[in-house]
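Participant: First the structure, which I've put down as structure tokens, then a few questions once you've had a look.
FYI, it's all coordinate maths here, none of it is from the lab. Since we're looking at a predicted model, the values are computed, not measured. Here the Cβ positions follow ideal geometry from the backbone for every residue, glycine too, while neighbour counts run over all protein chains shown.
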Amino acid sequence: MYRTSLIRTFAAAALATAGIVGCTSAQQASHPVMLSQPAGNMSSMTTNTFKGAKANSGTVTASHVDGKTVLTWSDDFKIPDTPAPHWQVVDSKGNVYLLHRLKIKEDKLNRSITLPSYIHDVAKVQIWCAYAEVLLGEASFNSPVM
């Protein structure tokens, strides 16, 4: 009886793990197409300096690489010393999109991020602490990046 219960527990755990991996793969597969820029528009735009409670230095540059919009923080940007700082963007309609963490591990950083196709433009780039759910700082473009 105990053995049957143990086997069922392991089977349920394996199915749950497979479901999580499957969902992650499906999510990544559902957003592989990135935002493209119409020909003839800007090659890159830079925000003003970050201002906020914890993020007060550096800028973000939006550039187009292989038809995709890529945001990259400047060399003088300092990652806020908070538990879970993330990239977050706001479009021209006020929609907010929480994206990737700034730090992947202690030695790996998400210095740049390729925007997914469902983000049509970017008016502001924000640094958001997902743990405390608080805005750490933001920087704006002069006009939305399409």
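Participant: Can you return the lysines within cross-link range of K68? Criterion is Cα-Cα under 24 Å, with same-chain partners fewer than 8 residues away left out.
Facilitator: Qualifying lysines at Cα under 24 Å: K93, K103, K108, K124.
Participant: Continuing with this model, one more query. Going through the stretch 61-146, which trypsin sites (Lys or Arg not before Pro) have at most 13 other Cβ atoms within 10 Å and a DSSP loop state?
Facilitator: Filter output for the stretch 61-146: K78, K93, R111.
Participant: Something else now. Within the set of other residues whose C-beta is less than 15 Å from the C-beta of V145, count the net charge using Lys and Arg as +1 and Asp and Glu as -1.
Facilitator: Every neighbour counted, the sum reads 0.
Participant: Can you sort V145, V122, V90 from fewest to most other Cβ atoms within 10 Å of each residue's own Cβ?
Facilitator: Going from least to most buried by this count: V90, V122, V145.
Participant: Around I127, what is the net charge, scoring Lys/Arg as +1 and Asp/Glu as -1 over all other residues with Cβ under 15 Å from its Cβ? Let's see the in-between values first.
Facilitator: Working: positive: K51, K54, K78, R101, K103, R111, K124; negative: D76, D81, E133, E138.
Taking every Cβ under 15 Å from that of I127, the sum is +3.
Participant: Just rank S74, S43, S143, fewest to most, by other beta-carbon atoms within 10 angstrom.
Facilitator: Result, fewest neighbours first: S43, S143, S74.
Participant: Restrict the search to the stretch 73-140; then list the chymotrypsin sites (Phe, Trp or Tyr not before Pro) that DSSP places in a loop and that have at most 15 other Cβ atoms within 10 Å of their Cβ.
Facilitator: Those that pass, being in a loop and sparsely packed, are Y118, Y131.
Participant: So, one more: Between the alpha-carbon centers of the stretch 114-146 and the stretch 66-99, tell me the distance in whole angstrom.
Facilitator: Taking the Cα centre of each part, the stretch 114-146 and the stretch 66-99 sit 5 Å apart.
Participant: What is the stretch 44-145 by shape, rounded, prolate or oblate, if you read a ≥ b ≥ c off the alpha carbon gyration tensor as root eigenvalues and call it rounded for a/c under 1.5, prolate for a/b larger than b/c, and oblate otherwise?
Facilitator: The shape class here is rounded.
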